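To start, the structure under review is shown below, and the notes come after it.
The values are calculated or read from the model by the stated rules, or taken from the named source; none is laboratory data. Keep in mind that what you see is a predicted model, and the values were worked out from it rather than measured. Cβ atoms come from the backbone with ideal geometry, glycine included; neighbour counts cover every protein chain shown. The accessibility values were calculated without ligands, DNA or RNA, using every heavy atom of the protein model including side chains. Shrake-Rupley method; radii C 1.70, N 1.55, O 1.52, S 1.80 Å.
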Amino acid sequence: MYFYGVKLKTLKRAPFLIAAGVIGLVCLVQVLRWDFVERLERITYDMRARRAVKHSPLIATNLGFVAVSDDTITRLKNGSLGFHYGLYWPRHIYGRALREMHEQGAKGVAFDILFSELRPDHAPVLMSDDSTVESDDYFALQMKKAGNAILAAEQRTVPPDLFRTNALALGNIQAEKDPDGILRRARAFGIYTNWNRFLRQVERDPAFGVDLAKAEITPEMLILHRTELAPVKIPLDKDGTFDLAVLGGKNLPAKIARRQKAFTEERIWHMGIQLAARELKLDLEHAQVDLPKGRITLHGTNGIVREIPVDEGGYFYINWCLTGGDKRLTMDAFENLLKQDQLRHKGETNELVNNWKDKLVVIGSTATGNDLTDRGATPLQKDTILVSKHWNVANSVITGQFVRHSSLFVEVLLICLMGASAGLLSWIFRGHSVLGGFSILLVLAGYWVIAFMIFINYRYWIPIVLPEVGGVLMTYTTLMIYLVMFEQEEQRRVKGVFNRIVSPDVVSELLKTEKLSLTGARRNVTVMFADIRGFTEMTDVNRDKAAEYIKEHQLMGDAAEAIFDTQARETLATVNAYLKVIAETVLKHNGTIDKFIGDCVMAFWGAPISNPQHALCCVRAAIDAQRAVYQLNQEREAENKQREIENVKRLAAGQPPLQPLPILAVGTGINTGVVTVGLMGSDKLSSYTVFGRDVNLASRLESVSGRSRIIVSEATLAEMIQDDPTLALTCVELAPVNVKGIRTAVHIFEVPWRQDQVPAPPASAHCEPSGKAVDPTQADKAVVS
């Protein structure tokens, strides 16, 4: 069968090809990582993170935060703490806070405050022995004594050597937000370039105009670009050393080597990782970094291992569990540390409170409206203190709970599975848009819930946007459009085949049928031939009358043809009146009209929709057809009487009389048996028909039925006995007959049809279709049963 020149078999495979194409396109979008899709996916990540924060059982109990707030700034400024300092405090202030932390036994203290340079302009500190120490030196001294200080570092902003050499470690605090301005990720470490001290002196000299951040490094050359001057090219050895003479250092002291390394590179870990390393005693110097495989492995004492999942840039998603005001954090104000320190060194120990024993503490800002402001958006809150990233990273490493992003293979697999589910559901529920839409909604909701539960319980991030929007909705929508376009065409084809030969109810059942074979199947059906008796005689009589009229009036040419045409129309109108009665009765009983063979109607029951009482329905239809013809004849006879009266007037007026309406009868033959049923003809012109030995027998029984009689075979009677034994008992057995094509005599029975002869049908009798087409693969079994 063809549709616009395309084989229908090809069109039936089209849904699978369409689904595969849509799924492939969505997978390509996933591979390409389109920014718009990624932004939507990050929104779903934020939703999951906000839900998961309520279900975070793994929280380190020794994390703390000391806040430098607006109140802290005010109190240090107004002298209420014994100091009068503006926003940029002398470093000894931080030294005093660190001294108090050390006294209370804090395990690690991370300053989320940049100390980018020394401040010799600050007043010195008076020590207990009346000696004085520079403010920077005092801070360095306290870091050395405490041995637990972690200082903040950013690219181009590294603490001076005085602080670096006395601090426990440096922690990278550089935050890189996503394009939508939300901080979701952190970099495990940054690679910092430590320039040679002589090169840094050159950079500080305005006469040179050198910016080391813009230096160009090759294996053989260091090129220092200068403002409005030619660049300085410094040759490098294989080990990266250069000759200081290039910078003008020809007369150097003997203790200074002329050849020195131009720079060294240092891996500075995230401040949160540094805090966790302090807790777990992780060896960051010997970390196993494997960015191509997406992991960083850290080993600690007692066999502790932490594997951080990272991308190719070394970034990982922060497992946001603790907000700034979380009660599971130990929190205090910076000014309280200073007060505690003052009380301790005055000997007033009765008022001291120890909150920081074995704690990992972050000292950072909650202040607003100044250079200390560090606020922004996270997945948990639109506006919060970003210092919170440090204790969340530390908690993640300590507890070993990381956010893991699914691999590209898993993402593509999920898209394929969801797309296949949508395709399967659209195929199963085709023609049932409400059920299909509801099933798709269930799939979407189910996947959404699963994605959230997986993240909440395992911090495993699987994509939602493309599997649901692309894999499910796009696949389902595309297939629905296809089914509307092409399956409706298939329905129109079915309607075109059956609208004129079966009742509208049967057509509706056909369109609902899941398995409908029109190409050929064996079926157990009942076939009826109903022939109009007297039609041939009527035709001959009418033709003779027309010829006599032409001869009498000496008509020729077009006039004669007009008479014959009028006679043909009247003949056709007469036969159509009888055929219409029979056809309408067949359709009323849900039969299938096979064809009109001249003045004969061929119909059958049991196909294309199965009907377990096909024989009874056929016989009941034949009975009603005889009654309908009888009623028609009654009406025509009444009309003829009226014409006789009218003709008296017409003859008196010299008008030709009206011809009486012919009175015809119907002879019916019925047989039940196994036949071949299906579409017969070419791809462009075909009809749904039955053929076989039992069809021929029904035709032969019609030929022996005579006028106004219904003749059925023994096989049909057997079916009637099962379905309506009362009606079967009224049948009259006739003498066996020999018919053409059948070797032995056929046992036949006459079915009475007059109102007083036939009992009413039982309540169990029905002629509605069952709504199921027989599966061609099971047809033989159905026939045998």
Rounded to the nearest 500, what is the chain's calculated 222 nm mean residue ellipticity when only DSSP H runs of at least 4 contribute -39500 (n - 2.57) each, over all residues? -13500 deg cm²/dmol
Compute the Rg to Rh ratio over segment 518-643 from the alpha carbon atoms, using the Kirkwood formula for Rh, and round to two decimal places. 1.13
Please compute the modelled spin-label separation between Asp180 and Asn78, points set 7 Å along Cα→Cβ, answer in nm with one decimal. 4.2 nm
By average C-beta atoms within 10 angstrom, highest first, the peptides 712-722, 636-646, 336-346, 379-389: 712-722, 379-389, 336-346, 636-646
Modelled FRET efficiency - R0 35 Å, Arg543 with Thr676, Cβ distances, 0.05 increments: 0.35
Quick one: pull the percent of accessible area on the chain belonging to carbon and sulfur, 1.4 Å probe, ligands and nucleic acids left out. 55 percent
At 0.36 nm per residue, minus the direct Cα-Cα distance, what do Tyr315 and Leu126 gain on full extension? Give it in nm, one decimal, please. 63.5 nm
Using a basic spin-label model with each label point 7 Å from the Cα along Cα→Cβ, how many nm lie between Lys255 and Leu658? 14.3 nm
log10 I(q)/I(0), Debye, Cα-only segment 220-339, no solvent, q = 0.15, 0.17, 0.20 Å⁻¹? -0.90, -0.96, -1.12
Rounded to the nearest 10 degrees, the helix 271-280 long axis (Cα) sits at an angle to the longest Cα principal axis of the chain of 80 degrees
If you take the charge dipole of the chain about its Cα centre, with +1 on Lys and Arg Cβ and -1 on Asp and Glu Cβ, which of Pro467, Leu734, Met680 is farthest toward its positive end? Pro467
On Cα atoms only, tilt of 91-104 relative to the major axis of the chain in degrees: 80 degrees
Which pairs, out of Lys177/Lys339; Lys281/Lys327; Lys177/Lys214, put more than 31 Å between their alpha-carbon atoms? Lys177/Lys339
Counting other Cβ atoms within 10 Å of each Cβ, which GluC sites (Glu not before Pro) in segment 297-367 have at most 13 and sit in a DSSP loop? Glu312, Glu348
Expressed as an acute angle from 0 to 90° and rounded to the nearest 10, what is the orientation of the C-alpha long axis of helix 488-498 relative to the principal long axis of the chain? 10 degrees
Checking rank on 60-68, 211-219, with mean other Cβ inside 10 Å and highest first, the result is 60-68, 211-219
Just the number please: accessible area per residue for the chain, 1.4 Å probe, all protein chains included, in Å². 50 Å²
With every protein chain present, what accessible area does Asp237 have (1.4 Å probe, heavy atoms only), rounded to the nearest 10 Å²? 70 Å²
Taking segment 111-155, which chymotrypsin sites (Phe, Trp or Tyr not before Pro) meet the DSSP loop condition and have no more than 12 other C-beta atoms within 10 Å? none
Working from the pairwise distances between different alpha carbons, so that the mean of 1/r is found and then inverted, what is segment 221-289's Kirkwood radius in Å? 15.6 Å
Directionally averaged projected area (convex hull, Cα atoms, the chain), nm²: 66.0 nm²
Leaving ligands, DNA and RNA out of it, work out the accessible area of Lys177 with a 1.4 Å probe and give it in Å² to the nearest 10. 90 Å²
What is the extension gain from Arg643 to Arg39, computed as 0.36 nm multiplied by their sequence separation minus the C-alpha to C-alpha distance, in nm to one decimal? 208.6 nm
Tell me, in nm to one decimal, what length is gained between Thr165 and Asp243 on full extension, where the rule is 0.36 nm per residue of separation less the Cα-Cα distance? 25.4 nm
If unit charges are put on Cβ atoms (+1 for Lys and Arg, -1 for Asp and Glu) and the dipole of the chain is taken about its Cα centre, the option from Leu425, Ile711, Val125 lying farthest towards the positive end turns out to be Val125
Rounded to the nearest 0.05, what FRET efficiency do His286 and Arg197 give with R0 = 25 Å and r taken as the Cβ-Cβ distance? Could you check? 0.35
